[in-house]
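In what follows, a single structure is set out as structure tokens and then discussed.
The values are calculated or read from the model by the stated rules, or taken from the named source; none is laboratory data. Fair warning: this is a prediction, and the values are worked out from it, not measured in the lab. Methodologically, a virtual Cβ is constructed for each residue, glycine included, from the backbone with ideal geometry; neighbour enumeration extends over all protein chains shown. Surface accessibility is based on the protein's heavy atoms, side chains included, excluding ligands, DNA and RNA. Shrake-Rupley method; radii C 1.70, N 1.55, O 1.52, S 1.80 Å.
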Amino acid sequence: MPDGKHLFGMVRIGEKGQIVIPKKARDIFDLHPGDQLLVLGDEQQGIALVKASQLQQFATDILKAMRGESEE
């Protein structure tokens with residue numbers, strides 16, 4: 001696989017609609033119990049999971065840039 005790209009294998013959806021994120025994926029993306037994930041969907045391309053804290057930081061950076069604030 002190209003650098004930064006991963007194939008973690010298949011997961012099965014349980015009776016309650018839950019999946020288990022493979023350990024290697026949790027380690028690489030620093031996911032821990034209690035972390036929140038945003039579930040995004042595109043009917044043509046599928047589902048994506050984004051760590052909520054990453055999205056919050058991205059939004060904060062955009063707002064700072066719009067206000068002309070420099071990064072710390």
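Here's a check for you: in segment 45-66, which residue that is modelled with pLDDT of 85 or more and not small (G, A, S) is nearest to G34 (Cα to Cα)? Among those residues, the one meeting the criterion is K51. Scanning segment 42-72 for residues that are open to solvent by 70 Å² or more (accessible area, probe 1.4 Å) and not hydrophobic (A, V, I, L, M, F, W, C) yields D42, E43, Q44, Q45, Q54, Q56, Q57, R67, E69, S70, E71, E72.
For segment 2-16, the set of residues classified as open to solvent by 90 Å² or more (accessible area, probe 1.4 Å) and closer than 26 Å to Q57 by Cβ consists of D3, K5, listed by residue number.
Among the residues of segment 17-41, the ones that are assigned to a helix (DSSP H, G or I), hydrophobic (A, V, I, L, M, F, W, C) and open to solvent by 90 Å² or more (accessible area, probe 1.4 Å) come to 0 in all.
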